[in-house]
Structures are given as C-alpha cells and as structure tokens.
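Report on the following structure.
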Amino acid sequence: MKQLKLYFVRHGQTIFNKYNRMQGWSDSPLTEKGYADAHQAGVRLSDTKFDAVYASDTTRAMNTARAILAENKHTTAEIQPKTEFREEFYGYFEGNDSAQTWFEVLMPISGKRSFHEFLEERPIAETKDAIKAADPFHDAENNAEFWERINRGFNDLLATANDGDQILIVSHGTTIRSIAAKADPELDITWGPKNGSITHFTLDEDGIHLIEYNNIR
C-alpha cells in the first residue's frame, strides 16, 4: 500500500496574526518575525529532500515556502500552489478581531468565551458549523465543506505521488490543527500550531496518521 510522508508547516507570522485578526482566505504579508519563522523552519528541514513541494495559494504560504527552500540543501522541486490546503474560510468574519468573533459565535451555543475554552470540551468540527451558522451571508465553510476540500487535496496527492515520497506542504494554523485532530482524536489541540512549526503525518489509503504535532525545536 502506497504511503506518503507529509511535512505540514504553518506559515510565518503575518500582520493579521500579530494583531489577532481572523485570517482565512483573506491575506496579509509576513512580518519580519514571519520571515524569520520561515527561515528557521527551513533550517530544521534543511537535510530533508522533498520529492514535491506544495503551498496554499496565499502569499503568506508561498513566501514561507520560498524561505524554507532557500535553506534546503537537497530539494530541487518547484513550489506548486494548492488551493485545497488553504485556511478555513471565515466568510463575513474575515479580518475581524479573533477574540471578539469567537465570543460572538461560540458563547450563544456553548457558554464558552473563547476558541480555547470551547476546544477544552467540544470538537473543532463544531466551530466550523457554528461560524457558518453565525455568518449572516452563510459564506463561511462548515465542517463538511472544509473536509470535502481537504480530502480532495489528499486524494490528489495519493493519485500523483510515488510510494515513500516526502512532501512539504505549507499551510495554515486551523487547517493543520483540524487535520491533526482528525488523525488523533485524543490529541490536545487547545493550543494551535505555532508559526513556522512542523507537523508530520503519513498518508495512505486508510487515511491520515499523525507522527508529531507543532514541532518548533
């Protein structure tokens, strides 16, 4: 059975990250720290030869991928943009203050004041359905829509890659956290992956399997 090794890296810090703004399909540039995050991830992965390199098509992910490859000693593969591994889409709430948004979305259905508090007791899938319901335009992705997109990306990797391939994917915090939670339902995801962190999975026909989460060593 074909098995792939996937190295998901969260993009470096952005302006929206710094100011705690909802950043899904909207985009903001990497900060100076964000470029440092990306280069540090590249140093940690410098001896890993990647057979393919993908990044969400956002500029923050593409620029992170370029910085990672600038530190890599062995990889010659070019970066391919892959929309399937974008961040969750927050619809009407894009660009809003994150703390205020999650209070407005989650308090009425759970009594929880924050994303962190909610995840202490309930699955991350419910936050996606909640934000879709709270969006007055209903444009935000719900859990089914999010996973249809992510699974399409995984199926494409399985169809095109070779057994044993090592693949770099630069993606986003909630996307990586959601995949990790699905791979390991017992994992504590109350804290999301840090900017520039590495989360390692294997992928085969049976699904996605977590090796390590949020590695910033």
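Approximating the spin labels as points 7 Å out from Cα along Cα→Cβ, the residue 99-to-residue 49 distance works out to 4.9 nm. Per-residue SASA remark: residue 44, around 70 Å² accessible (1.4 Å probe; ligands, DNA and RNA not included).
This model, with +1 at the C-beta of Lys and Arg and -1 at the C-beta of Asp and Glu, gives segment 1-116 a dipole about its Cα centre of some 340 debye. Modelled this way, with points 7 Å down the Cα-to-C-beta line, the labels at residue 1 and residue 126 are 3.1 nm from one another. Summarising the amide proton neighbourhood of residue 139: residues at separation of 5 or more, or on other chains, whose placed amide H is nearer than 5 Å comprise 92.
Taking every alpha-carbon pair under 8 Å whose residues sit at least 6 apart, the chain reaches a relative contact order of 32 percent. Our analysis of the chain gives Rg over Rh at 0.96, with the two radii drawn from alpha carbon positions and Rh computed by the Kirkwood formula. With K and R counted +1 and D and E -1, the other residues having a Cβ less than 12 Å from that of residue 209 yield a net charge of -3.
Under the rule a/c < 1.5 gives rounded, and otherwise a/b versus b/c splits prolate from oblate, where does segment 1-116 land using the Cα gyration tensor?
Prolate shape, in that a/c is at least 1.5 and a/b is the bigger ratio.
The values are calculated or read from the model by the stated rules, or taken from the named source; none is laboratory data. Here the structure is a predicted model, which is why all the values come from computation and not from measurement. Note that each Cβ is placed from the backbone with ideal geometry, even for glycine, and that neighbours are counted across all protein chains shown. Just so you know, the surface numbers come from the protein's heavy atoms only, side chains and all, with ligands and any DNA or RNA stripped out. Shrake-Rupley method; radii C 1.70, N 1.55, O 1.52, S 1.80 Å.
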